[in-house]
Amino acid sequence: MQQRFDFVSSDLERWRLALRPLLKGVVLLPRQRPIDALIKSLISGRTRDAVSGEAYRRVRRIFPLPERLARATPQAIERAIADVTFPEVKASQLSQAMRQIAHERPDFDLDFLGSLPVPRALAWLERLPGVGPKVAAAVLNASLLSRPVLIVDTHVLRVLQRLGFVASNANVCTTSERVTAAVPCWSADDFLLFHVAAKRLGQLFCRPTKPDCRHCPLAFDCPSRKHLAN
């Protein structure tokens, strides 16, 4: 078992090095408070980064304090995020999540999540409306909490499935857990940069249809290449 664990760890280290060129020009955004990272993540799903980023900035201008966002109607929130995908659904979920936090944590301080074991912290977040494994991991990893956990979106999931690191039917939760457990020496920044690089790989090369296996920097290790290239 330990030998297999070492094997998958070396896989991830090798892929991280091979993906490093995709990070050229990438500057990580300043880490935010967990509550702000939660708001941003709930807005950004299935939306281009530029669009979701501007929507988040509008929300912060209109509702500068979490308390005001918790008191806002879903309709008011929807108007602020109208150009993201599924704005009505996201507005409803954001409204419900913020009201639940206001009830349980009136100060909106989620720093306590930094002292919980990662599985418990993820579970606490996933109780909130609209919060799944991806959003929960983003709050823990990309905020000031800086927890070592991998954020897995559809691009990252597809890449790791095609590489054979996880099964073709693996979900976001199990994929994040497996990667996180395989490289306990990685820091929060290591996981965040791997997420960014793997996401870019999925967007530029390992696309859902017509993947560019010929130029993929991980083609040398990909058991799916022969099948996908046909």
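Criterion first (more than 21 Å from residue 13 (Cβ to Cβ) and modelled with pLDDT under 95) does residue 228 satisfy it?
Yes, satisfied.
What residue, among those in segment 32-77 that are touching a strand residue (DSSP E or B) at 6+ places or on another chain (Cβ under 6 Å) and not hydrophobic (A, V, I, L, M, F, W, C), is nearest to residue 105 (Cα to Cα)?
So the residue we want is 34.
Of these, 185, 213, which one is over 17 Å from the mean Cα position of the chain (by Cα), modelled with pLDDT of 95 or more and surrounded by 17 or more Cβ atoms within 10 Å (Cβ to Cβ)?
Answer to the selection: 213.
If the Cβ limit is 6 Å and pairs must be 6+ apart or interchain, which residue in segment 24-37 that is in contact (Cβ under 8 Å) with a residue 40 or more places away in the chain pairs with which residue that is assigned to a loop (DSSP other than H, G, I, E, B) and buried (at least 17 other Cβ atoms within 10 Å of the Cβ)?
Sorted first by the residue in segment 24-37, then by its partner, the pairs are 34/110; 34/145; 35/108; 35/110.
Report every pair of residues separated by at least 6 positions or lying on different chains whose Cβ atoms are under 8 Å apart, first residue within segment 90-104 and part of a helix (DSSP H, G or I) and of a type in the set (A, V, I, L, M), second modelled with pLDDT of 95 or more and exposed (fewer than 15 other Cβ atoms within 10 Å of the Cβ).
Partner pairs satisfying both residue conditions: 91/75; 97/129; 102/67.
Does segment 137-158 include one or more residues that are part of a helix (DSSP H, G or I), among the basic types (Lys, Arg) and free of Cβ contacts under 8 Å to residues at least 12 places away in the same chain?
no
Does residue 166 satisfy being of a type outside the set (Lys, Arg) and either over 21 Å from residue 17 (Cβ atoms) or in a loop (DSSP other than H, G, I, E, B) (or both)?
Judged against the criteria, residue 166 is a match.
Being over 22 Å from residue 128 (Cα atoms) and among the charged types (D, E, K, R): is that true of residue 78 here?
no
Looking only at segment 107-129, filter to residues that are crowded, with 20+ Cβ neighbours inside 10 Å and closer than 17 Å to residue 45 by Cα; which one of those is nearest to the chain's Cα centre (by Cα)?
My answer is 125.
Select from segment 64-81 the residues that are assigned to a loop (DSSP other than H, G, I, E, B) and either surrounded by 13 or more Cβ atoms within 10 Å (Cβ to Cβ) or touching a residue at least 12 places away in the same chain (Cβ under 8 Å) (or both) and list them in ascending order.
72, 73, 81
Check 128, 145 and return the single one that is within 22 Å of residue 55 (Cα to Cα) and out of contact with any Phe, Trp or Tyr (no Cβ under 9 Å at 6 or more places or on another chain).
128
Just need a number here: residues in segment 171-230 that are of a type in the set (A, V, I, L, M), farther than 23 Å from residue 137 by Cα and outside any loop (DSSP other than H, G, I, E, B).
Going through segment 171-230 one residue at a time, the tally reaches 4.
Among the residues of segment 8-34 satisfying the criterion of being outside any loop (DSSP other than H, G, I, E, B) and under 15 Å from the mean Cα position of the chain (by Cα), which is surrounded by the fewest Cβ atoms within 10 Å (Cβ to Cβ)?
So, considering only residues that are outside any loop (DSSP other than H, G, I, E, B) and under 15 Å from the mean Cα position of the chain (by Cα), the one surrounded by the fewest Cβ atoms within 10 Å (Cβ to Cβ) is 32.
Are any residues in segment 105-124 of a type in the set (A, V, I, L, M) and either assigned to a helix (DSSP H, G or I) or touching a residue at least 40 places away in the same chain (Cβ under 8 Å) (or both), and if so, which ones?
Listed by number, the residues that qualify are 110, 113, 118, 121, 122, 123.
The values are calculated or read from the model by the stated rules, or taken from the named source; none is laboratory data. Predicted, not measured: the structure shown is a model, and the values here were computed from it. So basically every Cβ, Gly included, is an ideal-geometry build from the backbone, and we count neighbours across all protein chains shown.
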